[in-house]
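Asker: Have a look at this one before I ask anything.
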Amino acid sequence: MSGYSNYGGSMGGAGGGGSYGRGGNKEVFDGKQLRRAVQRRTVDYNSSAMRWFLDRTWKNEVGEASMPQPVYEASLDLVPPAAPIMKANPVTSVCTKFVHSSVNKPRCPINACRWTPEGKRLITGASTGEFTLWNGLTFNFETILQAHDSAVRSMIWSHNEYWMVTGDHQGLIKYWQSNMNNLKAFQAHEESIR
């Protein structure tokens with residue numbers, strides 16, 4: 001299945017010839033200490049998007065769509081949730097095998113999260129006022145940005161997907177470009193914006 005690919009080298013077998021296999025004892029320095037390298041699976045969602053693009057000319061109605069069966073071979077028929085045929089039964093496009101949880105460096109509650117307009121990254125707003133930009137393919141964080149002085153409570157993209165608006169616990173609203181440049185900030189309320 002092309003749903004994921006090996007990332008970071010060949011896998012070693014019982015003989016241990018690979019970089020992350022039994023015989024390969026690869027360690028990396030992460031800035032604080034020497035750790036054993038962890039291989040991450042990369043989820044490639046492009047196959048489901050391409051399946052939808054190929055089939056959407058003749059499978060665009062709810063009655064014309066075939067429901068995927070719970071077998072390995074049916075994973076090729078998964079389509080993204082944005083497909084119109086999934087509006088009637090969106091659970092058929094969920095693949096729970098690739099559900100993943102990640103932990104931010106400063107452990108704190110996450111109050112808001114949004115996918116970027118292109119759908120490859122996830123932005124989370126933390127109770128410390130930070131934005132964390134997560135890679136949606138490899139499930140690791142790319143950058144952390146101090147966005148607000150208090151907890152980020154809400155965030156939403158504009159309809160044209162050029163601007164993001166965020167609100168914090170002190171009532172401050174900020175406008176952001178898609179490259180995370182802060183354009184404008186103003187005090188909108190005296191209470192928290194949710």
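Asker: Quick one: work out Rg over Rh on the C-alpha atoms of the stretch 110-187, Rh as Kirkwood radius. Before the final figure, lay out each step's value.
Answerer: Working: Rg = 11.6 Å, Rh = 12.3 Å.
Ratio of gyration radius to Kirkwood radius for the stretch 110-187: 0.94.
Asker: Quick one: if the Förster radius is 41 Å, what FRET efficiency do Ile144 and Gln69 give, using the C-beta to C-beta distance and rounding to 0.05? Can you show the working numbers first?
Answerer: Details: r = 42 Å, r/R0 = 1.02.
Using R0 = 41 Å, I get an efficiency of 0.45.
Asker: From the phi angles alone, apply the Karplus equation (6.51, -1.76, 1.60; θ = phi - 60°) to the stretch 108-124 and give each ³J(HN,Hα) in whole Hz, x where the residue is Gly or Pro.
Answerer: In residue order, the calculated couplings are 7, x, 9, 9, 8, 8, 8, 6, 5, x, 7, x, 9, 10, 10, 10, 10 Hz.
Asker: List, in order, the whole-Hz ³J(HN,Hα) value for each residue of the stretch 129-139 obtained from phi through the Karplus relation with A = 6.51, B = -1.76, C = 1.60 and θ = phi - 60°; use x for Gly and Pro.
Answerer: So the Karplus estimates, Gly and Pro as x, are x, 9, 9, 10, 9, 9, 7, x, 8, 10, 6 Hz.
Asker: So if R0 is 30 Å, what FRET efficiency would His189 and Cys108 give, r being the distance between their Cβ atoms, rounded to the nearest 0.05? Before the final figure, lay out the partial values.
Answerer: On the way: r = 23 Å, r/R0 = 0.76.
Given R0 = 30 Å and the Cβ-Cβ separation, E is 0.85.
Computed from the coordinates by the stated procedures, all read-outs in this text should not be read as laboratory data. Everything quoted here is computed from the prediction, not taken from an experiment. Here Cβ is always computed from backbone atoms with ideal geometry, including for glycine, and neighbour counts include all displayed protein chains.
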